[in-house]
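Below: the structure, in structure tokens.
The values are calculated or read from the model by the stated rules, or taken from the named source; none is laboratory data. In this text, all values refer to a predicted model and were calculated from it rather than measured experimentally. Here the Cβ is made from the backbone with ideal geometry for all residues, glycine too, and neighbour counts use every protein chain on show.
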Amino acid sequence: MGIAINGASEVMNIRVVTIGLINKSQVHPREVFADVIAERASAVIVAHNHPNGDLEPSSEDIAVTKRIKDAAAVLGISLLDHIIFNNKGYYSFVENNEL
């Protein structure tokens, strides 16, 4: 999921970027930023679920976050957070000083 944020820190739009399989989803920065760029957003928050109950980021989650952060820097768009959630809670990369 990608949440486009404008310059006044308001949510412009929330979009599903990709739908994954039971245990993984392929995410590419191209898909994350397509609508964000079209909407002229200044920032983005990305989020996804971990239906298995474990909120800790996987090595893939960490790698994807780095790729998205690097792409955001090139585009001049701020990556405000990457949130992993389930029905029991959430994990924020920002709150855990990983972004």
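Tabulated data for the structure shown
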| quantity | calculated |
| --- | --- |
| Residue count for segment 28-63, restricted to those that are farther than 15 Å from Thr18 by Cβ and either in contact (Cβ under 8 Å) with a residue 60 or more places away in the chain or part of a helix (DSSP H, G or I) (or both) | 5 |
| Filter result (of a type in the set (Ser, Thr, Tyr) and more than 16 Å from Met1 (Cβ to Cβ)) within segment 54-99 | Ser58, Ser59, Ser78 |
| Index of the failed condition, Lys66 passing every other in (1) touching a Phe, Trp or Tyr at 6+ places or on another chain (Cβ under 9 Å); (2) not in a strand (DSSP E or B) | (1) |
| First in segment 1-19 and closer than 15 Å to Ile84 by Cα and surrounded by fewer than 11 Cβ atoms within 10 Å (Cβ to Cβ), second anywhere and modelled with pLDDT under 95 and not β-branched (Val, Ile, Thr), Cβ under 8 Å, 6 or more apart | Val16/Met1; Ile19/Ser25 |
| Tally, over segment 79-99, of residues that are touching a residue at least 40 places away in the same chain (Cβ under 8 Å) and over 16 Å from Ser59 (Cα atoms) | 1 |
| Set Ser58, Ser25, Ser78: member being at pLDDT below 95, closer than 18 Å to Glu95 by Cα, among the polar types (S, T, N, Q) and surrounded by fewer than 17 Cβ atoms within 10 Å (Cβ to Cβ) | Ser58 |
| All positions within segment 69-99 that are touching a Lys or Arg at 6+ places or on another chain (Cβ under 9 Å) and part of a helix (DSSP H, G or I) | Ala71 |
